[in-house]
Structure formats: C-alpha cells, structure tokens
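Down below is the structure, laid out as structure tokens.
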Amino acid sequence: MSRKIRALLLNAFVLPGLGQLYLGRKVAGIVIILLVNLLLLLALFVVLKGASPLIAAQMTSGSLGSGDIIAALDSVAVYGRALLAAIVLIWAYALVDIIRHPS
C-alpha cells in the first residue's frame, strides 16, 4: 500500500490531519487536528448549554421525558448543525488535500 493511500485512510477513518502528519506535513496536520478538536469542544459546549435546563429539571423534579429532551436540544440545533457542517468540511478538505498533494 502506498504512503498516500495510508495517509488517506488515516484522514478518513482515524483523525483528519493525521494523514498530513504521516506524510511529514507537520504544520498542515497540526492545524487541521487543532481545528477539528476545537470544533468538537464547541459542539460539546453547545450540547451542554442545551442540556443544562434538563439537568436542572431532573435535579428538582426528578421526572424527565423524551419530549423535554427534544425541546431543550431543539434550541441549540442550529448551532449543532453548523458545527457538524464545519467538521465535515474540514474532514473533506483534509481528504482532498491528501489527494492533491504530490507524493
């Protein structure tokens, strides 16, 4: 298996940016990995922000239904979709970057 295919598989299935590191492109790999991790951290923050009313309701009343969960997370759904789109775009960029990079 060629180095380029291994790098492509690392980017596709392990972590975007890891293929760049494998090919010796340290700056590009580190930047992509940092961006993906930052976006994942932001996504976690958004989910916790949406879930905080649920946590408070669970602590006070003890009852929580699936409709309550959907309603609470619906308030942050736009941010979640935007973050997911950004992660997918970075993932796709990392794959295209490996394909276009001369071996």
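The values are calculated or read from the model by the stated rules, or taken from the named source; none is laboratory data. Worth saying up front: this structure is predicted, and the values here are computed from it rather than measured. Cβ sites come from the backbone with ideal geometry, for glycine too, and all protein chains shown count toward neighbours.
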Review point. Does the stretch 1-46 hold any residues that are within 30 Å of Asp74 (Cα to Cα), in contact with a Gly (Cβ under 7 Å, 6 or more places away or on another chain) and without any contact (Cβ under 8 Å) to a residue 40 or more places away in the chain, and which are they?
Key: Ile33, Val46
Practice item. Give the number of residues within the stretch 57-103 that are in contact with a Pro (Cβ under 8 Å, 6 or more places away or on another chain) and at pLDDT below 90. Key: 1
Check your understanding: Can you spot a residue in the stretch 63-75 that is touching a helix residue (DSSP H, G or I) at 6+ places or on another chain (Cβ under 8 Å), closer than 30 Å to Ile30 by Cα and in contact (Cβ under 8 Å) with a residue 24 or more places away in the chain?
Key -> no
Exercise for review: Would you kindly identify the helices (runs of 4 or more DSSP H) lying entirely within the chain that contain at least 3 residues that are surrounded by 12 or more Cβ atoms within 10 Å (Cβ to Cβ) and among the aliphatic types (A, V, I, L, M)?
Suggested key: 3-13, 26-60, 66-74, 77-100
